[in-house]
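Below is one structure, written out as structure tokens, with a few remarks after it.
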């Protein structure tokens, strides 16, 4: 890990004394020269005395000026951060306004959204089409901010986007009624988010967009749903986006009310596959079911719905509503949202369809490195956070053996940490407390090791002995098994335990919904 990783990933002395209240971003992209310029007015609250501030802005972007109280502050660059020195030490409780102006050539995405950055592309008629994808890479790739997931602007953000008046600019939240004509040939579109928002999901979209809307009757009343697509895609989009209401119905049932009624729900066509931009979900799945037409589970169920509508919208609950403090805990975003695909399949096609789907994704698990990454250095863990994370949650759900209790746990997480940030331990403790089952070692096993637990068993006459191996010390997971034609529950430990049966079986069958392996010991 480098010093830059630590600067970006840790809450250091230049970050811990201030809390972001609001971002007011202005941005003007130059499509031809692939440059942008703009400003970010940061309103923050002082939580303890401080005078030296770290602002993140990745090279080759340049922070031109920092103005506080009409005074220009001294700037010292250190790679992807700037150190700002205020002429006074602020006291706890003060609210401060800082204006930052910036410009330059932002990193251009090579393979968005995985290798992210600013996206300068064209639609099929050769017209400019621009946006950003910066999860992991960080919002500081294109605007100056406190680029750490633990600090979201408490009071939301505004964004003004100045573009040629032949184009339309969209951002998160709701469009403000006034658009500024600006200089001849240009228009500034303004958008406002009132809820806290992740830095990396605060995104502009610029293109030849058209719009329609509908109202979804949800748990908290009428939810405004707005859709923005390129003008020539309107008919296909109107047909495909009919799936949104089914998605909302399912997720409000499992997770609780959509978390951003005040800002509305938007689905916006993008040139890349998709991203969970809060209240402005990026959609690039080419108006087809599956994942670009493929069923990732290989079972057939994944081709019955649009992967991007379901998955990226699921992030509105897990990622945007409940956000991990450190990206080392990104499984909270991706594991739960991966499992939202299973829950949606269950809602639409039944429990066994959902079971088929999640079990089908096990073949995509690599078990290369642990799911949880290194803390404090801006480092994610394994990509297994998706499919292994989903299968871990499926295993826990089946161990609880009470879908209503499981549903209330998911809804409870979204209520307890509504618009807040969390650590993995928060989620672990909540599951154990609410379920009445200690899942701490289960989380250890699946999140912090690459080992899949093995149930070893041996049969001696009418006695079956069993134990856990290939597991963390103290591993405990209730297990549903079938002996002959009889289903029963066992509670294996690392020590041999046994159960008597009426007749001598040849083998036992573990319920397929538990992500484990079995090994018969031959006597």
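The values are calculated or read from the model by the stated rules, or taken from the named source; none is laboratory data. All figures in this text were calculated on a predicted structure; none of them were measured in a lab. Every residue, glycine as well, gets a Cβ built from its backbone with ideal geometry; the counts of neighbours run over all protein chains shown.
Summary of values
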| item | result |
| --- | --- |
| Filter pass, residue 260 being touching a helix residue (DSSP H, G or I) at 6+ places or on another chain (Cβ under 9 Å), at pLDDT 95 or above and within 30 Å of residue 146 (Cβ to Cβ) | no |
| Options 450, 509, 518: the member that is within 21 Å of residue 361 (Cα to Cα), in contact (Cβ under 8 Å) with a residue 60 or more places away in the chain and part of a strand (DSSP E or B) | 518 |
| Yes/no for residue 459 being assigned to a strand (DSSP E or B), more than 27 Å from residue 363 (Cβ to Cβ) and touching a residue at least 60 places away in the same chain (Cβ under 8 Å) | yes |
| Output for region 345-355, where each listed residue is farther than 13 Å from residue 390 by Cα and assigned to a helix (DSSP H, G or I) | 345, 346, 347, 348, 349, 351, 352, 353 |
| Strands (runs of 3 or more DSSP E) contained entirely in region 1-72, each with at least 1 residues that are within 28 Å of the chain's Cα centre (by Cα) | 18-30, 35-46, 50-56 |
| One residue from 33, 64, 12 being touching a helix residue (DSSP H, G or I) at 6+ places or on another chain (Cβ under 9 Å) and surrounded by fewer than 16 Cβ atoms within 10 Å (Cβ to Cβ) | 12 |
| Filtered residues of region 119-144 (kept if surrounded by 24 or more Cβ atoms within 10 Å (Cβ to Cβ) and assigned to a strand (DSSP E or B)) | 131, 132, 133 |
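Quick grid of which residues meet (1) farther than 17 Å from residue 371 by Cβ; (2) under 35 Å from the mean Cα position of the chain (by Cα):
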{"site": "443", "(1), (2)": "no, yes"}
{"site": "451", "(1), (2)": "no, yes"}
{"site": "454", "(1), (2)": "yes, yes"}
{"site": "458", "(1), (2)": "yes, no"}
{"site": "463", "(1), (2)": "yes, no"}
{"site": "468", "(1), (2)": "yes, yes"}
{"site": "475", "(1), (2)": "no, yes"}
{"site": "484", "(1), (2)": "yes, no"}
{"site": "488", "(1), (2)": "yes, no"}
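Residue-by-condition table, conditions (1) surrounded by fewer than 24 Cβ atoms within 10 Å (Cβ to Cβ); (2) in contact (Cβ under 8 Å) with a residue 40 or more places away in the chain:
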residue: 343; (1), (2): no, yes
residue: 353; (1), (2): yes, yes
residue: 356; (1), (2): yes, yes
residue: 366; (1), (2): yes, no
residue: 371; (1), (2): no, yes
residue: 378; (1), (2): no, yes
residue: 388; (1), (2): no, yes
